[in-house]
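The values are calculated or read from the model by the stated rules, or taken from the named source; none is laboratory data. Small disclaimer: the values here were computed from a predicted structure and weren't measured. Virtual Cβ from ideal backbone geometry, glycine too; neighbours counted across all protein chains shown. Protein only, heavy atoms only, side chains kept; ligands, DNA and RNA dropped before computing areas. Shrake-Rupley method; radii C 1.70, N 1.55, O 1.52, S 1.80 Å.
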Amino acid sequence: MTDLQLSLIAAAGVFVAGVFTYNKIQEYKAKKSVERAFSSDHDDVLMRSGDEPVARQEPSFSLDSATPGLAGGEASVAAAALSAMAAEFSTDDESGKPASDDELAARANAASAAAAEQATALVDPLIDCLLPLALEAPARGDKLLPVLQTLRMVGNKPVHFIGKAVSGDWEPITHGGVYTELQGGVQLASRSTALNELEYSELVTRLRAMADEIGAEPAVPDMMEVMAEARNLHRFVAGHDAQLGVNLQTNGAPWSVNTLIGALEKQGFDVRPDGRFVMPDGEGGFLFSLSTNVTPAEETTSRLTLLLDVPCVAPARDGFGAMVACAKSLVARLDATIVDDYNQPLSDAALTEIAGQVQDFYTEMNDADIPAGSTRALRLFS
C-alpha cells in the first residue's frame, strides 16, 4: 500500500470521527434542551418556608366525577366540599357583573363554613374518639391518603381522618391539598356495640405504625376514659333504637305475592336488591320499608308490615304520618285492616297517640344534640 493511500485512509478516519463527535454533541444539546423544557424541579409554593418571592399564578379548580384516593363517605364529602368551594369563588353573578369584594368575602366565609361542616361530618367530637396527629412537616394529601386508607375500620367501628389546610381550616383530606395537622376519629358506638378494649388496643397499635410511616406523632387518649364515653353513648343509642310498625291484615283470602308487587309499585314503593320494599324520600334515602312476612319461595301472604326506623328519619319528613297514610291507602286497595302486633285493630285515636309519642322521641333526640335523620344519627344508628 502506497504512502498516498495510507494518507487518504487516515484522513477519512479523522473525518468520520469528527462527524461522529459532532453528532454526539448535537444529541447532548438536544437532550438537555428537552430536560429543561419538561423539568419538574420547581419550587412548591405551598411547601415554601420564609419570605421568598414567588411568581403569581391564577388559581384553578379541577373537579373529577369521583375523587381518587377517598373511600366511601369521604369521597362524597370531599367532592361536595370542592364543588361548593368552586361555586362560591365564581367571580361573576347571574347578570355577568364581577362580584364585589364584600360578595367575594361572603362567599369565602360560606365556603370555609361548608368545609368545616363536611369535616365535622367525618370526625365528630360528640360521637368519635378524637385522635390528634402532629405532622413533622406539611404533607400533601397525595402522600397521606394511601397510608390513611390502611386504617379504615377497627372491629365494626369506622375510622376517619381530616386535615388542617394551610388556610387554617379543617377539611376532608383530598389529592392536591396540603395539611399541617391531622385529626383522626374512631366511632365510639354503633347500633350493635360500643367500642371495646380489644378494638381500642388494635386501633392504637395500627395508628402508631401508620403515624411513623407519614411522619406524625399521635396523641392517644386514655383507654379508661374512652371506654366510659363509649358505654355512655351506646346506652343512649340502645335506649333510642326505636322502630315503629303497623300491620295490614287481609279481610279475606291471602294475597298473591305477584299481585301484591304490582299494587305496591303503584303505591310508590321501590324494590331493593335485597328484596325489601321501600318508600323513597326523594333524596336517595327512604322513609319506611314494607315486608311481606314470607320467604321468596312462598306465593301468598295474609299480612304486610310497614316499618319506620324512627331515629333515621328527620321530623320534617313526618315519616310516621306518611307511613300511616300509605297504610290507609293500601287498606282500600287491598281490602285489609290496620292491626297491631297482637292482631288487634288500630283506631285513629290510637294512631294519633302514637304520633304524639314520636314527637316526644324527636324532642329527646334534639335535647341530646343528635337530631333524628341527621348525619350524626345516621352514623350511630347504622
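The residue that is nearest to residue 328 (Cα to Cα), among those in the stretch 362-378 that are open to solvent by less than 30 Å² (accessible area, probe 1.4 Å) and outside any loop (DSSP other than H, G, I, E, B), is 362.
Note on the stretch 269-293: residues that are part of a loop (DSSP other than H, G, I, E, B) and either within 28 Å of the chain's Cα centre (by Cα) or surrounded by 16 or more Cβ atoms within 10 Å (Cβ to Cβ) (or both) total 12. Within the stretch 213-227, residues that are touching a residue at least 12 places away in the same chain (Cβ under 8 Å) sit with their Cβ atoms under 6 Å from residues that are open to solvent by 50 Å² or more (accessible area, probe 1.4 Å) and assigned to a strand (DSSP E or B), at 6+ positions apart or across chains, in these pairs: 215/136; 217/134; 219/132.
Test residue 233 against the criterion of being within 30 Å of residue 372 (Cα to Cα) and in a helix (DSSP H, G or I), and give yes or no.
Numbers: within 30 Å of residue 372 (Cα to Cα): yes; in a helix (DSSP H, G or I): yes.
For residue 233, the condition - within 30 Å of residue 372 (Cα to Cα) and in a helix (DSSP H, G or I) - is met.
Checked against the criterion of being out of contact with any Pro (no Cβ under 9 Å at 6 or more places or on another chain) and in contact (Cβ under 8 Å) with a residue 40 or more places away in the chain, the candidates 282, 252 yield just one match: 252.
Counted as qualifying within the stretch 120-225 are the strands (runs of 3 or more DSSP E) with 3 or more residues that are under 23 Å from residue 371 (Cα atoms) and touching a Lys or Arg at 6+ places or on another chain (Cβ under 9 Å), namely 157-165.
Candidates are the residues of the stretch 343-362 that are under 40 Å from the mean Cα position of the chain (by Cα) and in contact (Cβ under 8 Å) with a residue 24 or more places away in the chain; the one that is nearest to residue 251 (Cα to Cα) is 351. Note on the stretch 161-192: residues that are in contact with a strand residue (DSSP E or B) (Cβ under 6 Å, 6 or more places away or on another chain) and acidic (Asp, Glu) total 2.
Scanning the stretch 304-327 for residues that are over 28 Å from residue 191 (Cα atoms) and surrounded by 14 or more Cβ atoms within 10 Å (Cβ to Cβ) yields a total of 0. Of the residues examined, residue 251 is not one that is open to solvent by 50 Å² or more (accessible area, probe 1.4 Å), in contact with a Ser or Thr (Cβ under 9 Å, 6 or more places away or on another chain) and on the phi > 0 side of the Ramachandran plot. Condition test on residue 355, is it open to solvent by 30 Å² or more (accessible area, probe 1.4 Å), modelled with pLDDT of 95 or more, closer than 30 Å to residue 189 by Cα and touching a Phe, Trp or Tyr at 6+ places or on another chain (Cβ under 8 Å)? Spelling it out, residue 355 is indeed open to solvent by 30 Å² or more (accessible area, probe 1.4 Å), modelled with pLDDT of 95 or more, closer than 30 Å to residue 189 by Cα and touching a Phe, Trp or Tyr at 6+ places or on another chain (Cβ under 8 Å). Between 227, 223, the distinction of being within 30 Å of residue 364 (Cα to Cα), over 23 Å from the mean Cα position of the chain (by Cα), open to solvent by less than 20 Å² (accessible area, probe 1.4 Å) and modelled with pLDDT of 95 or more belongs to 227 only. One residue is enough: does the stretch 169-181 have a residue meeting the conditions over 15 Å from the mean Cα position of the chain (by Cα) and within 17 Å of residue 220 (Cα to Cα)? Within the stretch 169-181 (the criterion being over 15 Å from the mean Cα position of the chain (by Cα) and within 17 Å of residue 220 (Cα to Cα)), the answer is yes, since at least one residue qualifies. Figure legend. Inter-residue proximity from the stretch 180-204: first residues touching a residue at least 60 places away in the same chain (Cβ under 8 Å), second residues of a type in the set (Asp, Glu) and outside any loop (DSSP other than H, G, I, E, B), beta-carbon distance below 7 Å, spacing 6+ or different chains. Indicated pairs: 185/128; 187/128; 188/128; 188/229.
Could you go through the stretch 329-342 and let me know if any residue there is of a type outside the set (Asp, Glu), assigned to a helix (DSSP H, G or I), crowded, with 17+ Cβ neighbours inside 10 Å and in contact (Cβ under 8 Å) with a residue 24 or more places away in the chain.
Pass one, the stretch 329-342, residues of a type outside the set (Asp, Glu): 329-334, 336-339, 342.
Applying the additional criterion that residues be assigned to a helix (DSSP H, G or I) yields 329-334.
Those still in the list that are crowded, with 17+ Cβ neighbours inside 10 Å too: 330, 334.
Still in the list and also in contact (Cβ under 8 Å) with a residue 24 or more places away in the chain: 330, 334.
Checking the stretch 329-342: at least one residue is of a type outside the set (Asp, Glu), assigned to a helix (DSSP H, G or I), crowded, with 17+ Cβ neighbours inside 10 Å and in contact (Cβ under 8 Å) with a residue 24 or more places away in the chain.
Per the conditions (1) in contact with a Leu (Cβ under 8 Å, 6 or more places away or on another chain); (2) within 20 Å of residue 208 (Cα to Cα); (3) at pLDDT 95 or above, the sole criterion not satisfied by residue 155 is (3).
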